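Worksheet: the structure to be examined is printed underneath.
Coordinate-derived values only; no laboratory data. Remember, it's a predicted structure, so these values are computed and weren't measured experimentally. Positions of Cβ are backbone-derived with ideal geometry, glycine not excepted, and every protein chain shown enters the neighbour counts.
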Amino acid sequence: MEPFVTHHGLVAAMDRVNVDTDAIIPKQFLKRIERSGFGQFLFNDWRFNEDGSLNPEFELNQPELQGASILLARNNFGCGSSREHAPWALADYGFRAILAPSFADIFHNNCFKNGLLAIQLPEAIIDELFAKSRAGAFHLTVDLQEQVITAGAELRIPFSVDPYRRELLLQGLDDIGVTLQHAAAIQAFENQR
Amino acid sequence: MAGKSLYEKIWEQHVVVAEAGKPTLLYIDLHLVHEVTSPQAFEGLRLAGRPVRRPDRTFATMDHNVPTDDPFVVLDPVAAKQIETLTENCKAFNVPLADLTSDDQGIVHVIGPELGLTLPGKTIVCGDSHTSTHGAFGALAFGIGTSEVEHVLATQCLWQQKSKTLLVQMDGTLRPGVTAKDVILGLIATYGIDFGTGYVIEFAGEAVRAMSMEERMTVCNMAIEAGARAGLVAPDETTFSYLQGRRYAPQGDAFNASVEAWKQLASDPDATYDRTVIFPVGDLEPQVTWGTNPGMCIGVSATVPNPAEMQTENDRRAAEQALAYMDLSPGMPITDIEVQHVFIGSCTNSRIEDLRAAAEIARGRRVASTVRALVVPGSKQVKRQAEAEGLHQIFLDAGFEWREPGCSTCLAMNPDVIPAGERCASTSNRNFEGRQGRGARTHLVSPAMAAAAAIAGRFVHVAEWIAEEGLAWNRS
């Protein structure tokens, strides 16, 4: 997994509540057996018209948001299906962080397994960021080491993520390796049942 | 000291490593696997040179991609490859597999319980959000992503933070025509699609006690549609009699000993919860979703809600977008909504009782000429049972199609896709945009409501509609 320490990037705002993983990556793309290459299908039914042309209305298709790597979202982002193809698609498209007032549990978990930093922020702060996005494209710096989001000197938003997840992300660690260090404890548990 | 809840008891029995400041390493008793969320996990094991730690605690089947007309003819080469990959992986890693030739094949959340793999007090995971279904047995069961599928294959454990606990107390007696599906839809409509986020929900109360295992599974199945990764029902005599004699359940004396242990799992009377919700079900009527998430749902006698009357700006906009997608107008009676498709199936409502309820409505009637109706049993076992009872003939005589088991139109990964702009009354669990096909419009309902919609060509209040025909309604 690619470590996440600090990231500076363009913010794309997606002003919709309850964005489900079916919308993030529609089911017809779940048949592939690979882990990579899902970015081209991200938000397929919203991003592209039936004929495959770009839907000019869709948020991520705005010319000034090309190259966005931080997604600003509304509450309950990633609800529904457990498909990890959703964070795979977001990460492959180029997103490194998602900011929202709340995330669905399984999606939130899946993000951290893929170097995608999902940050929960109070609704009022998310509202402010949406207001800022309406005034034009803007960049943010997300610092996981310090747990703070900044935009130059004018904006400073502290955040916190679970310490264990933070550690894995900072180091880009695969947690199977960590777990296997407890092989003796697992064996002992199995023996006593 | 306060007593313990069912969730806390199961949790404590599965702790492998607990260190301060870290999540808990929890042991997983049963790992269910299907073709869609496993290939990348097996590939990860292969790349790292790791074996499956406990193939004997792992069980695989094929369901999502499977065609329901002829399961052996998979025309989509990408889907065929995925199904083939599961076969190869199970062989290479020694994992038991109920493949398309097996008498046990079916939707993973239907076969787990019917084979007796799902047992009270177990921890159960699967790369599928509807794993919550198994909580109906008093098992802690939740969906995981593919990275965690790989983690469980390699270690038989998962790192977990303890969830908060939410008690949903459901009292009252259901009115005629009202089912477990209406209960869970009504609950989500009342409290919203994220009220369970961060919680494990325990369903309790006389309405839950009165439910069969099939009905409890329907309720727990949709706990995830309330945001909760897991739903739980304390095991009782209904649970034990369902399990007795199932193939992988303990047999004989071992079964009796297990029952004694399972009885200890119920939450202590003085157990405390982080939140409690009282949901009386006595006045509930059959539910129909009008929007693009399961919480956008209302009683069948009502009208399509007006977004202008919604509480928050976010809700207003979401409702407007939903109505535009669904091509519905505020104030329109639900019973004026015409459907072109009916789907009876999915891990929510494809079990034998669901098919009996639908067949009861279909018996001696005809599917409207404007409707195409599919019945997709949840498993080979359900299909055999239904055929032994003659249910298939009732459906066929009424003009329903009788299909082979699989997930089918619930998410339309197989060819059972709803065309754009057309409307489907569906017994499944999600009415998201594009779920059943790009541009397809899904209305979630119970099996009885779906069967009645197939015949009437529009939504009807199933109990009143039957009464008008002068026939008795028997709640199965």
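Annotations for the structure displayed:
- Global geometry of the range B:155-216, whether rounded, prolate or oblate, following the gyration tensor of its Cα atoms and the 1.5 cut on a/c: prolate
- Based on C-alpha pairs under 8 angstrom that are at least 6 apart in sequence, chain B has a relative contact order of 17 percent.
- Think of the range B:50-96 as having a plus end and a minus end, set by charges on the Cβ of Lys, Arg, Asp and Glu; of B:Pro51, B:Thr68, B:Thr85, B:Pro51 sits farthest toward the positive end of this dipole.
- With Cα atoms as the point set, the protein assembly as shown shows a radius of gyration and Dmax of 23.9, 75 Å.
- Signed unit charges on C-beta, dipole axis of the range B:371-476, positive-most listed residue B:Asn429, B:Gly390, B:Met449: B:Asn429
- Over all directions, the projected convex hull of the C-alpha atoms in the range A:37-193 averages 12.1 nm² in area.
- Taken as entire DSSP H runs, the helices of chain B that both span 20 Å or more between Cα atoms along their own long axis and average -1.0 or more on the Kyte-Doolittle scale are B:77-93.
- Dimensionless Rg over Rh [the range A:122-193; C-alpha; Kirkwood]: 1.26
- Chain A: relative contact order as a whole-number percent, Cα under 8 Å and 6+ apart: 27
- Relative packing of peptides B:358-369, B:47-58 - highest average C-beta neighbours within 10 Å first: B:358-369, B:47-58
- Length released on extending from B:Val277 to B:Ser241, taking residue separation times 0.36 nm less the Cα-Cα span: 10.1 nm
- Based on the Kirkwood approach, the hydrodynamic radius assigned to the range B:316-377 is 14.1 Å, with every pair of different Cα atoms included.
- Kirkwood-type radius of chain B, with distances r between different C-alpha atoms, in Å: 22.6
- The helix-based estimate of mean residue ellipticity at 222 nm for chain B, built from -39,500 (n - 2.57) per DSSP H run of four or more residues and divided by its residue count, is -9500 deg cm²/dmol to the nearest 500.
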